[in-house]
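Participant: Structure incoming, see below.
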């Protein structure tokens, strides 16, 4: 019986890893089931004593185990044990997956290539389903384009797309129809622009820049160095030019309009004007030429969302109306509402605050919104609902908590309570539903377990990079850069999807991939 179990253990293990790869972009349930299959296959393989000895002789496994058990120790001074045990359960793969992967046989080149193709195909399916939702083929209602990612968050999906791009690039010359993968890469890049993923596109840009610089340093061809260097300079110049122009669009304020204020609407009702506010859309002041009585009646006649209610993003819809009408250079009155098309009414209902967003590219709109958030925040505006500037509030709050609990942190389970308390103490302007945790993995570790645990976490991350065989690995290093950058703006290891993403690829590329398979690939 033992021999039969051992004979099926390796195929079962490979099947479990394949299911894990499929589950990452498509199914949280499959992610959990696949990990159970992997552990069962490991147990079937037998000789557990030798396997554990092999696993714990690996310093990466030891470091990850120490990091996990530090979270367990954090339960000793936690008051909210329910949340604490939940957090430990979420992080359990950080202990188990490295032990299993590091003590199983390395995949053959054929197995690894198959796994890579299956993962790329799974990400492709996930993005195609999302696109079907976007264009209406699959009738699922969404209020924000990022909501079309129905299996996992759009941020997690963007990270998986990055990995799929790297694997597709690596597979290009290793499969029969490699040129088809170039089309897949183009599709992935296009999809990232559709969901306005600054995270995904930004990470890919950084990875390309790193390898471009590496090529410049290692190449002996002066011509090639010149081409790469000029390409970098051109790309950076275009980006800087776009940012500069968009910043001007966001911050420009047409003073002349304050000198030609209209006192009454065509119906004889007075306008109100706030000439002290500097908020503008496309240069047009937002808080002048406002007639709320007319707006209320005209808007309620055209929209199912009440004028005094909230748009589908959860913001005051009348503020969205003010900004949208201003962006078109219109006064805020009944006549202006009558001029709006049905598409524009629907856009306002979905939280679109600038008419140009209906005609410009998704990624340019994301840039405009991001710069508007920054300008609004520096002018004293509320960060609630604005993804970038809310993070400034999250980080400030996290640093205040760390300052008070630098040595041990607040405990594994008390992180949410610590944030809630600190927001109240600081009289934060953030609305209650937006008072979230740190959105930075390094701060998250320090808040929960203190600065000593943060130092361990940094060692956990950087130790593999300084091992020669991994620093020369294209797949590991591109994954590592992706994971590291994601941790700067996300609590990557605080959710099942985030932990699964990190530990799967970290363990796969470190333990199950032939070290020579992608060494010095670029």
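Taken together, the values in this text are just the output of simple stated rules run on the coordinates, not laboratory data. Keep in mind that this is a model prediction, so the values were computed, not measured. All Cβ positions, even for glycine, are placed from backbone atoms using ideal geometry, and neighbour counts span all protein chains on display.
Participant: Please list the three semi-axes, largest first and in whole Å, of the ellipsoid equivalent to the stretch 157-257, using sqrt of 5 times the eigenvalues of its alpha carbon gyration tensor. Each step should come with its number before you reach the end.
Facilitator: Numbers: eigenvalues 203, 95, 21 Å².
Equivalent-ellipsoid dimensions as semi-axes: 32, 22, 10 Å.
Participant: Okay, moving on. Stretch residue 364-residue 48 to full length: gain in nm at 0.36 nm per residue minus the Cα-Cα span? Spell out each step's value before the answer.
Facilitator: On the way: separation 316, 0.36 × 316 = 113.76 nm, distance 5.46 nm.
Length gained, residue 364 through residue 48: 108.3 nm.
Participant: Run the Debye formula on the Cα coordinates of the chain, all scatterers equal and no solvent, and tell me log10 I(q)/I(0) at q = 0.10 1/Å.
Facilitator: Calculated log10 I(q)/I(0) at the listed q: -0.93.
Participant: Quick one: give the max-minus-min coordinate of the C-alpha atoms of the stretch 382-522 along each principal axis, largest first, in Å.
Facilitator: 55, 32, 21
Participant: Further question on the same structure: How large is the Kirkwood hydrodynamic radius of the stretch 111-218, counting all unique pairs of alpha carbons, in Å? Provide the component values of the computation, followed by the final result.
Facilitator: Values: mean 1/r = 0.0680 Å⁻¹.
This gives a value of 14.7 Å.
Participant: Once you compute Rg and the Kirkwood Rh from C-alpha atoms, what is the Rg to Rh ratio for the stretch 398-452?
Facilitator: The Rg/Rh ratio comes out at 0.95.
Participant: While we're here: Note the direction-averaged projected area, equal to a quarter of the hull surface, for the Cα convex hull of the stretch 40-190, in nm².
Facilitator: Mean orientational projected area (the stretch 40-190, Cα hull): 13.2 nm².
Participant: Quick one, can you get me the convex hull of the C-alpha atoms of the stretch 1-109 expressed as volume per residue in Å³? Let's see the in-between values first.
Facilitator: On the way: hull volume 14.1 nm³, N = 109.
Roughly 129 Å³ of hull volume per residue.
Participant: Return one number: the angle in degrees, 0 to 90 and rounded to the nearest 10, between the long axis of the Cα atoms of helix 198-218 and the longest principal axis of the Cα atoms of the chain.
Facilitator: 60 degrees
Participant: Suppose R0 equals 45 Å; then what is the FRET efficiency for residue 219 and residue 262 from their Cβ-Cβ distance, rounded to the nearest 0.05? Mind showing how you got there, number by number?
Facilitator: On the way: r = 64 Å, r/R0 = 1.43.
With R0 = 45 Å, the Cβ-Cβ based efficiency is 0.10.
Participant: Measure off 7 Å from each Cα along the Cα-to-Cβ vector at residue 496 and residue 421, then give the distance between these two points in nanometres to one decimal.
Facilitator: Modelled inter-label distance: 3.0 nm.
Participant: Based on the Cβ-Cβ distance of residue 252 and residue 177, what FRET efficiency does E = 1/(1 + (r/R0)^6) give at R0 = 60 Å, to the nearest 0.05?
Facilitator: Details: r = 50 Å, r/R0 = 0.84.
According to the calculation, E is roughly 0.75.
Participant: Contour minus end-to-end for residue 227 and residue 300, with contour as 0.36 nm per residue of separation and end-to-end as the Cα-Cα distance? Don't skip to the answer; put the middle values down first.
Facilitator: Working: separation 73, 0.36 × 73 = 26.28 nm, distance 5.83 nm.
Gain on extension, residue 227 to residue 300, equals 20.5 nm.
Participant: Ok, one more. For residue 140 and residue 212, what is the calculated FRET efficiency with R₀ set at 35 Å and r taken between the beta-carbons, to the nearest 0.05?
Facilitator: Values: r = 40 Å, r/R0 = 1.13.
Calculated transfer efficiency: 0.30.
Participant: Kirkwood-based Rg over Rh for the stretch 250-320 (C-alpha set), two decimals?
Facilitator: Values: Rg = 13.6 Å, Rh = 13.5 Å.
Dividing the radius of gyration by the Kirkwood radius yields 1.00.
Participant: Which three extents, in angstrom, do the Cα atoms of the stretch 467-518 have along their principal axes, listed largest first?
Facilitator: In descending order, the Cα extents are 32, 19, 14 Å.
Participant: Another question, then. Using only Cα atoms, find the angle between the long axis of helix 2-26 and the longest principal axis of the chain, and express it within 0 to 90 degrees, rounded to the nearest 10.
Facilitator: The two axes meet at around 10 degrees.
Participant: In whole Å, what is the distance between the alpha-carbon centres of the stretch 99-160 and the stretch 476-501?
Facilitator: A separation of 15 Å, based on Cα centres.
Participant: Taking a quarter of the surface of the convex hull around the Cα atoms of the stretch 166-207, what do you get in nm²? Walk me through the intermediate numbers first.
Facilitator: Working: hull surface 11.6 nm².
Mean orientational projected area (the stretch 166-207, Cα hull): 2.9 nm².
Participant: Only Cα pairs under 8 Å and at least 6 apart count here; give the relative contact order of the chain as a rounded whole percent. Write out the running numbers ahead of the final one.
Facilitator: Values: 700 pairs, mean separation 95.8, N = 522.
Averaging sequence separation for qualifying contacts and normalising by length gives 18 percent for the chain.
Participant: On each of the three principal axes of the Cα atoms of the stretch 229-283, give max minus min coordinate, whole Å, ordered largest first.
Facilitator: 63, 21, 14 Å, listed from the longest principal axis down.
Participant: Helix-only mean residue ellipticity at 222 nm, the chain, DSSP H runs n ≥ 4 weighted -39,500 (n - 2.57), per residue, nearest 500. What is it? Walk me through the intermediate numbers first.
Facilitator: Details: 23 runs with 335 residues, N = 522.
Only helices count here, giving -21000 deg cm²/dmol.
Participant: Scale the Cα Rg of the stretch 244-402 by the rule-of-thumb value 2.2 N^0.38 Å and send over the ratio, two decimals. Display every interim value, and only then the final one.
Facilitator: Details: Rg = 16.4 Å, N = 159, 2.2 N^0.38 = 15.1 Å.
It is 1.09.
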